[in-house]
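Chemist: Quick one: structure below, then a few questions.
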Amino acid sequence: MGKRDLSPTPRRLFRKKNACLPPLTLVQGWWLFATALAALLPLIQHLPLWLSTAAVTGMAWRAWLSWRNGRLPPRWLLFLLVVAACVAVAYSYRGFFGRNPGIALLVIFLALKLLELRSVRDGITVVLLACFLLMAGFLFNQGIAAALYALAALVVAVAALIALQAGPPVRVHERLGQSASLLGQALPFMLVLFLLFPRVQGPLWGLPQDAYTAASGLSDTMAPGSISQVAQSDAIAFRVQFKGAAPPPHQQYWRVLTLTDYDGQVWRHHPTREHDALPYAPAGPSVDYEITLEPHNLRGLPVLEKAGLLPPESSFSADRLVLAATPVRSRMRYAMRSYPDYTPPPEENARILAAALSIPPEVNPRTRAQARQWRAQSSSDADILRAAAEFFQSQLLAYTLNPPLMEKDAVDAFLFEHKRGFCEHFASAFAFALRAAGVPARIIGGYQGGEINPVDGYFTVRQYDAHVWVEAWIDGWGWVRVDPTADSTPRRIEGGLRTAIGGGEAPLLARQDYAWLREFRYRMDAVTNAWNQAVLGFNPQRQREVLGRLGMSEPDWRKMSAWLAGLCGALILALVLNAMRERKKHDATRHAWQIFLRKLARQGIDAQPWMGPDTLARRAAAQLPQHAAAIRAITAAYVALRYGDELPPELRRRQTAALRDMIRRFRP
Amino acid sequence: MSTISDLSSHHATIRAVLAAAGQIILGKDAQLKLALACLLARGHLLIEDLPGVGKTTLAHVLARLLGLEFQRIQFTSDMLPADIIGVSVFERTSGSFQFHPGPIFSQLILADEINRATPKAQSALLEAMEERQVTSEGITRPLPEPFFVIATQNPAHQIGTFALPESQLDRFLMRIELGYPDREAERALLAGADRRTLLAALPPMLQADELKQLQETAAAIHVSPALIEYVQAIAEYTRHGGPFVNGLSPRATLGLLAAARAWALLEGRPHVLPEDVQAVLPGVVAHRLQVGGAAGQVLGDAFAKAGGNAIGRHLIEAVPLP
């Protein structure tokens, strides 16, 4: 039998260093590379260039080493690399705390772990690190594509784990199939956990501050060009579901923030102490709707005029904006009711009116002169408003996304020289002119318009719908909305941005042509929206609703946990029962034999899974000569039951019992 | 079960045959046993080894001991199918064509150096092996019973050979290698009498229909569902899990089971154990499986270095008992 020991051993990927750790094979190594690469890929765009270059170089070096069967770098070198990389991260992020440096450190660990990849245990560490990085990807992006990618990468990671557990080598697609079927079995658990795991308000963990710098959209200052920048973006600002028909376009003014302070260049939000909101009495039917707001890092929640309802944890500001308690940093949903027709309050707080009149001295002299003229010719503020509107129309101002640069005396330059501007120029000039004429005026920033997605019926407002307009205080009328842009370019309001600006200037999706592209975008939006509503927007409130609909009364976290435990237990039980049912017919016999094998194993007789009973008995008898007879008898009984002729059931039962008895009495 | 007593008498007979053969073929008990199992399973045997290690002697011994009619066909590159099957010759006396049967009409054929002949001649033999009948000039003639072919083949890398294609290798139930005798066996061989003389003195140990009985007994050995599962697991592994280009065919698994039954008979067992399957596995599968694929690149070199039994060995250790 000596010749039989020539059994082939697979070529090893790495030199064997520590005999007690199983070394990795070449195939296992490639699986680990694939896993690490899949985890790194989506993060690369968020990493600094030096880091992604270093990580990829490290991996390439490692791949080359295993390709050439070279020696791994020594430990001291790896140690130096770790220290150097940590210093570089600390330098480039100014510290270790926060999302980005944390992920950078993980990426470095993963790349360096690959460089000391020797044993199966190292391989498992690599897979776990990769899984962690996949999770970290959700800190950047939680969209459908990201989730699908993470799922696919997870299939690769699990396949790598399976490949690490020895077993016969199989083809790549079969390994992936094994992995997918394992993950498929985890699916019911995932659903149960998703539905029942008690939710907390907001994200499960607080995101560090640096996660929000990239949020695009409105900001609480308005400098020339700030809105036209936003208008280049076709990202979604929020989605609305109206209960009933959408209001007409001239009522689709979504208020988000007010800008009252003007320094000649920039309009700023006035940091007022909160005053009591003015009492607006509804004077007509209400519009009811529900908004799903993308995070915009502002406190103001978009609402139509005039908001008559407060979402939880929010308040009215003095200018009737709806403010959330903190800037909105995760997608939120709130129900809202607005009254387009209302009775205005008789008077406004004097300090607010004073703030709405302040202008810096000596800027825009021509506009001031014009305003003084209106004041002289008019008997009331309402007349001045009318005069101003007429003046704006008479100036034949043009609406454009690419206005010329106007630095000094910007309002004069706009009104009297260039006569071309975007809505911020219109609003800024109009508010300035009114203030110069002694009419309290302020700028309202928000969105105007939006469009219905024909696929799912949601009303979608995009960043290019961002808009600013003016509110003026007229005694007896209250704050009146005036949109100078609409007065000069009515098409902007009735038809949206894309009709106001023809051809190549508008963002791609705002154009009239490319019907198929818009159709495709509608569908994509509908899918994304469904995902946002059903998966990402599954907050405690929604969870209570869904569970209530499923028949759980007053769900609280205790009840959910109990259900969670119960359902998971039931699932595991079902899986176990299924597995038991699939176990072979001669269960009792095999079970008894397993006990026998365990008893032998305790004596140091190692039964390989491929060994037949006869081979085993001979080995055992040779090693335990004093028990040879018992071993032979047990083996004979087992063989007769398992491999012998078919026995009548009664006889089989008796013989099985006898076998079990023999094995019980077998005490080596 | 009356077969138990039959079994022990059969077993005794077989032991005697093996013992007698072992007197002449020294130190090759395992190969002798495999060859006999192959014959009892009604399969054909391919012996692959270098010239001069005793392939021909093995065939001779088996023929003598089992009392079979023996014919030897030396394959050469200029051989024609008619040289194997026979020809029809016009007889002037009777005025008709008369069939002169070729050497294949015999119970045990030794097809020596089969890979020296052209594929055409090879296929004539191989067709006869599969069909157990010969068709010549439109007339089908059955071959004698039992019909057993031992083919020998030089390793393919020798000069002037036509390697047997895989489809034809599949017709052989087993392929074995003899290998050099070990030291002790060779000393006995060198010191002992001439093998030919010993061979001539060898008495047949079986009656004419006794071999047939043995074959029938072997075919009736009990195979439990658990064992069939094991054979299926092996086939499954070669088809999907293992480092092989193609898996085992159903013909191969049938052959494996038949060979395992014959082996159980040689061991005197009324049923087949996994050990019986494992004993015949290297011989039955080695010539049917080709290492390949991604995993095979890793294992292929190792198999090549470890010799013909390595594939069987790998299979045994890779497939756990169900």
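The values are calculated or read from the model by the stated rules, or taken from the named source; none is laboratory data. Keep in mind the model is a prediction, meaning the values are calculated, not measured. Every residue, glycine among them, receives a Cβ derived from its backbone with ideal geometry; neighbour counts consider all protein chains shown. The protein model used for the area step is the full one, side chains on, heavy atoms only, and it has no ligands, DNA or RNA in it. Shrake-Rupley method; radii C 1.70, N 1.55, O 1.52, S 1.80 Å.
Chemist: Apply the Kirkwood formula to region A:12-165: the hydrodynamic radius equals the inverse of the mean of 1/r over all pairs of different alpha-carbon atoms; give it in Å with one decimal.
Modeler: Every distinct Cα pair counted, the radius reaches 15.9 Å.
Chemist: Next question, about the same structure. Would you mind telling me which residue in B:A35, B:A260, B:A191 has the biggest mean-square fluctuation in a Gaussian network model of chain B, where springs connect alpha carbons within a distance under 10 angstrom?
Modeler: B:A191
Chemist: Could I ask something else about it? Shielding of A:605-613 by partners, i.e. mean partner chain Cβ atoms within 10 Å per residue?
Modeler: That works out to 5 on average.
Chemist: Another question about this same structure. When Lys and Arg each count +1 and Asp and Glu each count -1, what net charge do the other residues less than 14 Å away from B:I104, Cβ to Cβ, add up to?
Modeler: For residues surrounding B:I104, the net value is -4.
Chemist: May I ask you to evaluate 6.51 cos²θ - 1.76 cosθ + 1.60, the Karplus curve with θ = phi - 60°, for each residue of region B:18-35 and list the ³J(HN,Hα) values in order in whole Hz, giving x for glycine and proline?
Modeler: 5, 4, 5, 5, x, 5, 9, 8, 8, x, 10, 4, 4, 5, 4, 5, 4, 4
Chemist: Also: Return P(r) of region A:283-349 (all Cα-Cα pairs; 5 Å bins starting at 0; whole %; ordered from short to long distances).
Modeler: Computed distribution, short to long bins: 4, 16, 27, 24, 15, 8, 5, 0.
Chemist: Oh, and also: Considering amide H positions built from the backbone, and no H for Pro or chain starts, which residues 5 or more places from A:V482, or on another chain, come under 5 Å of its amide H?
Modeler: Under 5 Å from the amide H of A:V482: A:V470, A:E471, A:A472.
Chemist: Still on this model: Nearest-5 percent of antiparallel DSSP beta bridges in the protein assembly as shown?
Modeler: Counting only bridges with both partners in the protein assembly as shown, antiparallel ones make up about 75 percent.
Chemist: Quick one: which residues, 5+ away or cross-chain, put their amide H under 5 Å from the amide H of A:R420? H built at 1.01 Å from N.
Modeler: A:A398
Chemist: Give me the accessible area per residue for chain B, probe 1.4 Å, as a whole number in Å².
Modeler: Ligands and nucleic acids excluded, the result is 44 Å² per residue.
Chemist: Between A:A245 and A:E519, take the C-beta separation as r, use R0 = 35 Å, and let me know the FRET efficiency to the nearest 0.05.
Modeler: 0.90
Chemist: Could you work out how far apart the two model spin labels at A:A633 and B:R239 are, taking each label as a point 7 Å from the Cα in the direction of the beta carbon, and quote it in nm?
Modeler: 4.3 nm
Chemist: Translational diffusion coefficient of chain B at 25 °C, 0.890 mPa s, Stokes-Einstein with Kirkwood Rh over Cα pairs, in µm²/s as a whole number.
Modeler: 118 µm²/s
Chemist: Using r as the Cβ-Cβ distance of A:E290 and A:Q594, and R0 as 60 Å, what FRET efficiency do you calculate, to the nearest 0.05?
Modeler: So, using R0 = 60 Å, E works out to roughly 0.50.
Chemist: While we're on this one: So, with a 1.4 angstrom probe, what is the percent of accessible area on chain B that is carbon and sulfur?
Modeler: 54 percent
Chemist: May I ask you to give the solvent-accessible area per residue for chain A, in square angstrom, as obtained with a 1.4 angstrom probe?
Modeler: So chain A comes to 50 Å² accessible per residue, rounded to a whole number.
Chemist: How far, in degrees from 0 to 90, does helix A:587-602 lean away from the longest principal axis of the Cα atoms of chain A, to the nearest 10?
Modeler: Between the helix axis and the principal axis of chain A, the angle is about 80 degrees.
Chemist: Rg/Rh for region A:556-650 to two decimals, with Rh computed the Kirkwood way over all alpha-carbon pairs.
Modeler: 1.24
Chemist: In addition: Residues with beta-carbon under 11 Å from that of A:E305, excluding A:E305: net charge, scoring Lys, Arg +1 and Asp, Glu -1?
Modeler: Charge balance in the 11 Å sphere: +2.
Chemist: Still on this structure, I have one more. Averaged over peptide B:223-229, how many Cβ atoms belonging to another chain are found within 10 Å of each residue's Cβ?
Modeler: 4
Chemist: Return the long-range amide H neighbours of B:V149 (sequence gap of 5 or more, or a different chain), with a cut-off of under 5 Å between placed amide H atoms.
Modeler: Amide H neighbours of B:V149, under 5 Å, 5+ apart: B:L45, B:I109.
Chemist: Once fully extended, how much extra length lies between A:Q45 and A:D234, figured as 0.36 nm per residue of separation less the alpha-carbon to alpha-carbon distance? If you can, show how the numbers build up before the last one.
Modeler: Details: separation 189, 0.36 × 189 = 68.04 nm, distance 2.08 nm.
Roughly 66.0 nm would be gained on extension.
Chemist: Within 10 Å of each candidate Cβ there may be at most 10 other Cβ atoms; applying that plus a DSSP loop requirement, which trypsin sites (Lys or Arg not before Pro) in region A:18-106 survive?
Modeler: When the trypsin sites (Lys or Arg not before Pro) of region A:18-106 are filtered for loop state and at most 10 Cβ neighbours within 10 Å, A:R68, A:R71, A:R94 remain.
Chemist: A further question follows. Roughly how much accessible area, to the nearest 100 Å², goes out of reach of solvent when A and B pair up, both sides summed, probe 1.4 Å? Before the final figure, lay out the partial values.
Modeler: Working: alone 34910 and 15550 Å², together 47680 Å².
Buried: approximately 2800 Å² between B and A.
Chemist: If you don't mind, there's one more thing I want to ask. How long are the semi-axes of the equivalent ellipsoid of region B:1-91, defined as square roots of 5 times the Cα gyration tensor eigenvalues? Whole Å, largest first. Walk me through the intermediate numbers first.
Modeler: Working: eigenvalues 195, 73, 25 Å².
Gyration-tensor ellipsoid for region B:1-91: 31, 19, 11 Å.
Chemist: Give me the extension gain from A:S315 to A:Q603: residue separation times 0.36 nm, minus the current Cα-Cα distance, reported in nm with one decimal.
Modeler: That works out to 96.1 nm of additional length.
Chemist: Along Cα→Cβ, 7 Å out, is where each label goes; now give me the distance between the ones at B:D78 and A:F194 in nm to one decimal.
Modeler: For the pair B:D78/A:F194, the computed spacing is 8.0 nm.
Chemist: Taking 2.2 N^0.38 Å as the expected size of a compact globular protein, what ratio does the Cα radius of gyration of the protein assembly as shown give against it, to two decimals? List each step's numbers first, then the result.
Modeler: Details: Rg = 44.8 Å, N = 990, 2.2 N^0.38 = 30.3 Å.
Expressed relative to 2.2 N^0.38 Å, the Cα Rg reads 1.48.
Chemist: Convert each backbone phi in region B:168-181 into a coupling constant with the Karplus relation 6.51 cos²θ - 1.76 cosθ + 1.60 (shift: θ = phi - 60°), then list the ³J(HN,Hα) values in order as whole Hz, x for Gly and Pro.
Modeler: Computed from phi, the couplings for region B:168-181 are 8, 4, 4, 6, 7, 5, 9, 10, 10, 10, 8, x, 5, x Hz.
Chemist: Another question, if that's okay. Provide the net charge surrounding A:M524, with neighbours chosen by a C-beta distance below 14 Å and charges set as Lys +1, Arg +1, Asp -1, Glu -1.
Modeler: Values: positive: A:R239, A:R462, A:R518, A:R521, A:R523; negative: A:D234, A:D456, A:E519, A:D525.
It works out to a net charge of +1.
Chemist: Here's something else I'd like to know. With the Cα gyration tensor of region A:221-515 giving a ≥ b ≥ c as the square roots of its eigenvalues, does the rule (a/c under 1.5 for rounded; else a/b larger than b/c for prolate; else oblate) give rounded, prolate or oblate?
Modeler: Oblate, because a/c is 1.5 or more while a/b does not exceed b/c.
Chemist: Can you tell me how much longer the chain between A:A145 and A:I124 gets when fully stretched, taken as 0.36 nm per residue apart minus their C-alpha distance, in nm with one decimal?
Modeler: Between A:A145 and A:I124, full extension yields 4.9 nm more.
Chemist: Need one number: nm distance between label points at B:Q207 and B:A163, each 7 Å from Cα along Cα→Cβ, rounded to one decimal.
Modeler: According to this spin-label approximation, the distance is 4.8 nm.
Chemist: Near B:K120, which aspartates and glutamates are there with a Cα under 13 Å away, not counting those fewer than 8 places off in the same chain?
Modeler: Excluding near neighbours in sequence, the set is B:D78, B:D83.
Chemist: How large a share of the accessible area of chain A, in percent, is made up of carbon and sulfur atoms when the probe is 1.4 Å and the other protein chains stay in place?
Modeler: Taking all protein chains in place, chain A shows 60 percent carbon and sulfur surface.
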